[in-house]
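Asker: Would you mind keeping the following structure in view while I ask a few things?
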Amino acid sequence: NNRIEESEAISLYIMDHIEVNEKLDITAAVRYEDIETEQVRYDDLNRSIVDKSIENSISETLLALGATYQLNDQWTLLASVHEGFAPASPDLERKKPEESTNYEAGLRFTQDDLYMEAIYFFSDYDNAVQYCTQSAPCELDDGAEKDTGSISLGEAETKGLEFLLNYNFANGADYSIPVTFTYTYTDTEETSTSDGKGIVDGDSLPYIPESQL
């Protein structure tokens, strides 16, 4: 699209791991992100005539808290909640960043060469963002397509289950044969209708598969 983009980002975090006792571990974290983006669009191939110049700036402070509880030598409970975000692309409309609160809870099992885990996850998006490209353009309300920048999808939810199974068939030998099986089921839903997109309340979020194996 005859344009030049650049960005500068600062990312800082502090994390504290607390061993409450032999069974309970707690991890708390604070993360800070500061991102400056700039985009210059040109009207000619020699890039001597500037069409538009766009600047976006965003800073976010994010919190996280997680815990594991050792039931016995084989079974472990886990749970966590953390805030997430993704910046929007430089855009004339200065789109808001993607913001979410994410929860998970599950079980882990370890015995000899076998490792398993099953985790339920739920993500609540205050503002989901879809990035627009020529290969995957965004659909607007008027039927037109947008192939640059990003659009706000509004409030949305994703939830599902992740399952992992790992077994080492040759532990103790001079070599190992680890085999891993993973499966993720994801259910997505728009929970509000937002301007500038072709999906409405109740639709699924685009480009997120229901099953991954």
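Asker: Could you check region 25-41 and list, in sequence order, the residues that are under 12 Å from LEU63 (Cα atoms) and either out of contact with any Ser or Thr (no Cβ under 7 Å at 6 or more places or on another chain) or open to solvent by 40 Å² or more (accessible area, probe 1.4 Å) (or both)? Even if it seems obvious, please write down each step before you answer.
Answerer: Filtering region 25-41 down to residues under 12 Å from LEU63 (Cα atoms) leaves 27-33.
Across region 25-41, the qualifying residues are THR27, ALA28, ALA29, VAL30, ARG31, TYR32.
Asker: For region 150-179: of the residues being in contact (Cβ under 8 Å) with a residue 12 or more places away in the chain and of a type in the set (S, T, N, Q), which is most open to solvent (accessible area, probe 1.4 Å)?
Answerer: Our first condition is that a residue be in contact (Cβ under 8 Å) with a residue 12 or more places away in the chain; within region 150-179, this holds for 150-169, 171, 178-179.
Now drop any that are not of a type in the set (S, T, N, Q), which leaves 150, 152, 158, 166, 168, 171.
On the way: SER150: 0, SER152: 18, THR158: 10, ASN166: 40, ASN168: 31, ASN171: 104 Å².
So, considering only residues that are in contact (Cβ under 8 Å) with a residue 12 or more places away in the chain and of a type in the set (S, T, N, Q), the one most open to solvent (accessible area, probe 1.4 Å) is ASN171.
Results for (1) modelled with pLDDT under 75; (2) touching a Leu at 6+ places or on another chain (Cβ under 9 Å); (3) surrounded by 15 or more Cβ atoms within 10 Å (Cβ to Cβ), shown as yes or no for each residue.
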position: THR186; (1), (2), (3): no, yes, yes
position: GLU189; (1), (2), (3): no, yes, no
position: THR193; (1), (2), (3): yes, no, yes
position: GLY198; (1), (2), (3): yes, yes, yes
position: LEU213; (1), (2), (3): no, no, no
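Asker: Is there any pair linking a residue in region 18-40 that is of a type in the set (Lys, Arg) to one that is surrounded by 14 or more Cβ atoms within 10 Å (Cβ to Cβ) and at pLDDT 95 or above, with Cβ under 8 Å and at least six apart or on different chains, and which?
Answerer: LYS23/TYR69; LYS23/GLN70; ARG31/LEU62; ARG31/ALA64
Asker: Hey, another quick one. Within 23 Å of GLU210 (Cβ to Cβ), in contact with a strand residue (DSSP E or B) (Cβ under 9 Å, 6 or more places away or on another chain), loosely packed, with under 15 Cβ neighbours inside 10 Å and modelled with pLDDT of 75 or more: does that describe TYR125?
Answerer: Values: within 23 Å of GLU210 (Cβ to Cβ): yes; in contact with a strand residue (DSSP E or B) (Cβ under 9 Å, 6 or more places away or on another chain): yes; loosely packed, with under 15 Cβ neighbours inside 10 Å: no; modelled with pLDDT of 75 or more: yes.
Criteria not met by TYR125.
Asker: Now, a different point. Go through the residues of region 6-13 one by one and say whether even a single one is surrounded by 12 or more Cβ atoms within 10 Å (Cβ to Cβ), aromatic (Phe, Trp, Tyr) and modelled with pLDDT of 95 or more. It would help to see each step written out before you state the result.
Answerer: Let us first name the residues in region 6-13 that are surrounded by 12 or more Cβ atoms within 10 Å (Cβ to Cβ), namely 7.
Restricting the remaining residues to those that are aromatic (Phe, Trp, Tyr) gives none.
No, every residue in region 6-13 fails to be surrounded by 12 or more Cβ atoms within 10 Å (Cβ to Cβ), aromatic (Phe, Trp, Tyr) and modelled with pLDDT of 95 or more.
The values are calculated or read from the model by the stated rules, or taken from the named source; none is laboratory data. Because the structure is a prediction, the values reported are computed rather than measured. Note: ideal-geometry Cβ built from the backbone for every residue, glycine included; neighbour counts use all protein chains shown. Ligands, DNA and RNA are stripped out before the accessible areas are found, and what is left, the full protein with its side chains, is counted by its heavy atoms. Shrake-Rupley method; radii C 1.70, N 1.55, O 1.52, S 1.80 Å.
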